[in-house]
Each structure stands twice: as C-alpha cells, then as structure tokens.
Amino acid sequence: RHTLTKNLVVMETEVTRQMWKNLRALQSSLPADPTVQDFGAGMSHPVQNISWYEAVLFANLLSVQQGLTRVYYLDGTFTVPLNYGNYRTGEIHADWNANGYRLPTEGEWEYFARAGTITPFSVNEPGYYHWTQGSCNAEVLPVLESAAWYCANAGNATHPVGSKAANSWGLKDVHGNVQEFCWDWYSYYTGETWTDYR
C-alpha cells in the first residue's frame, strides 16, 4: 500500500552508452563509460558497470546541461551540490522539489514498471510459478521473454535498449537487460501504508 502524490516523467529506456558519451562530450567531468564491452559493446546498449554514485552524478550533470535544478547535494540545506569532485564522499541528500533528473524511489520504479498491473511483471506471464521463477531455460516463460532480456534469452550480455516489447505505458526494458538503480536501497515492504516512501 503505497501512495504516490507527485507526477512522474520517466525515460522510455535505460541510459545508453551513446547517451553517456554525448553527455560526457558536453560535461567533461563525467567519468568515462565504464561498460565492460565483452557484455555489450554497442552504443545503443545500456551503459553498465556504473556505481550508484556515478548514476546520481550523471543525473546532476544532465540536469545542469539542460538548465534544470540539480537534485543531489552533500548537505540537507542544498547548498553543496554533488559534482565530480565530491560525488563519492559523504552522505547524499535529494532535493525532492528540484526539477532536475533523479533516480526513482523503489516505489516509483515499481509503479511505472508495472504500468497499472498487479502481476509480478508488466506482462501477464501464465507460466510464472514458484518453481519457474528462477528458470534460465528458454521458452519456460515465453511472455516474459517477449518483454525482457534475462538469463533465459540474453546470452550473458546486454542488448540494444528498446528491442523488447514496451509495457502498457510505453516504457521499455523495465524488466531485464541491466539492473537499474533506485534512490533507496532494495528491501521488503513492511505491509504498512506509505505515502511517497523514500
């Protein structure tokens, strides 16, 4: 039971290697693309092997580049912005009223990934049961394979973003391809009712 009170604008796909390269050309303090090319070398593949700290740095630099207000700071009064010189030091605070780019909370991510469904995935996979949930065998979960790159069909590599079916809200790669970061750390819901849980 999680109520979200803010509107969301979400990227259609994961951040690609080309997006990372393009921003780095304009914001040279962005670290080099850390992708391990043996696991997906194409520029339309998702950037991979980044840290959570590099993800929030990317968000701040993209915000600056597009004239938006940065979200991430080193202090709760939002006077010391997170940048290349300090992004790996200390606690990071988010200005939830800023209009810049940010990572979604886990609750927000689940909301837009499910796209209004109540099933485990945004697609209704009839073969998904307790004994098939960890399956890496092809064609065990064919509906999921139509929407996600994962161990059953990915060949131990990433694939071009958006090459699988979108969810009903037009978002692609919400399941599979690479793991995606959220603002908060993964944990189980407590069963309590939450509003804008962070």
Working from the alpha-carbon coordinates of segment 10-62, get Rg over Rh, Rh being the Kirkwood radius.
0.93
Amide H within-cut-off set for His2, under 5 Å, with H built and near neighbours excluded:
Trp194
Using packing as a proxy for protection, rank 175-181, 89-95 so that the peptide with the highest average count of other Cβ atoms within 10 Å comes first.
175-181, 89-95
Which is farthest toward the positive dipole end of the chain among Asn156, Leu30, His45, measuring Cα position about the Cα centre, with Cβ charges +1 (Lys, Arg) and -1 (Asp, Glu)?
Leu30
Taking Rh as the Kirkwood radius computed over alpha-carbon pairs of segment 69-108 and applying Stokes-Einstein at 37 °C with viscosity 0.692 mPa s, one gets a diffusion coefficient in µm² s⁻¹ of 310 µm²/s
Distance in nm between label sites at Trp194 and Ala165, each 7 Å beyond Cα in the beta-carbon direction?
3.0 nm
With equal scatterers on the alpha carbons only and no solvent term, can you work out the Debye log10 of I(q)/I(0) for the chain at 0.12, 0.13, 0.19 1/Å?
-0.67, -0.79, -1.45
Can you tell me what percent of all Cα-Cα pairs in segment 1-89 are more than 15 Å apart?
64 percent
How large is the Kirkwood hydrodynamic radius of segment 125-198, in angstrom, based on all distinct alpha carbon pairs?
14.3 Å
Please report Rg over Rh for segment 85-158, where both radii come from the alpha carbon positions and Rh follows the Kirkwood definition.
1.13
Measure nothing but the geometry: give the 0 to 90° angle between the long axis through the Cα atoms of 52-65 and the longest principal axis through the Cα atoms of the chain, rounded to 10°.
60 degrees
Accessible-area value, Met11, 1.4 Å probe, nucleic acids and ligands omitted, Å²
80 Å²
Dipole magnitude (debye, nearest 20) for segment 1-77, charges at Cβ of Lys, Arg, Asp, Glu
220 debye
Accessible surface, per residue, of segment 30-121 when the full set of protein chains is kept, probe 1.4 Å, Å²:
48 Å²
Any idea what the dipole of the chain comes to, in debye rounded to 20, about its Cα centre with Lys/Arg Cβ at +1 and Asp/Glu Cβ at -1?
400 debye
Rank Ser135, Ser163, Ser122 by mean-square fluctuation in a GNM of the chain with C-alpha springs under 10 angstrom and give only the top-ranked residue.
Ser135
Leu26 paired with Trp96, simple spin-label distance in nm, labels 7 Å along Cα-to-beta-carbon
2.9 nm
Computed, not fitted: 222 nm per-residue ellipticity of the chain from DSSP H runs ≥ 4 (each -39500 (n - 2.57)), nearest 500, equal to -5500 deg cm²/dmol
Lysines whose Cα lies under 27 Å from that of Lys21, excluding same-chain neighbours fewer than 8 positions away
Lys164, Lys172
With a 1.4 Å probe and every protein chain kept in, tell me what percent of the accessible surface of the chain is carbon plus sulfur.
53 percent
Within 10 Å of each candidate Cβ there may be at most 11 other Cβ atoms; applying that plus a DSSP loop requirement, which trypsin sites (Lys or Arg not before Pro) in segment 6-105 survive?
Lys6
Return the FRET efficiency for the residue pair Val140, Glu110: r is the Cβ-Cβ distance, R0 is 22 Å, and the value is rounded to the nearest 0.05.
0.40
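The values are calculated or read from the model by the stated rules, or taken from the named source; none is laboratory data. Predicted model, so just to flag it, every value in this text is computed and none were measured. Positions of Cβ are generated from backbone atoms using ideal geometry, with glycine treated the same way; all protein chains shown enter the neighbour counts. Protein only, heavy atoms only, side chains kept; ligands, DNA and RNA dropped before computing areas. Shrake-Rupley method; radii C 1.70, N 1.55, O 1.52, S 1.80 Å.
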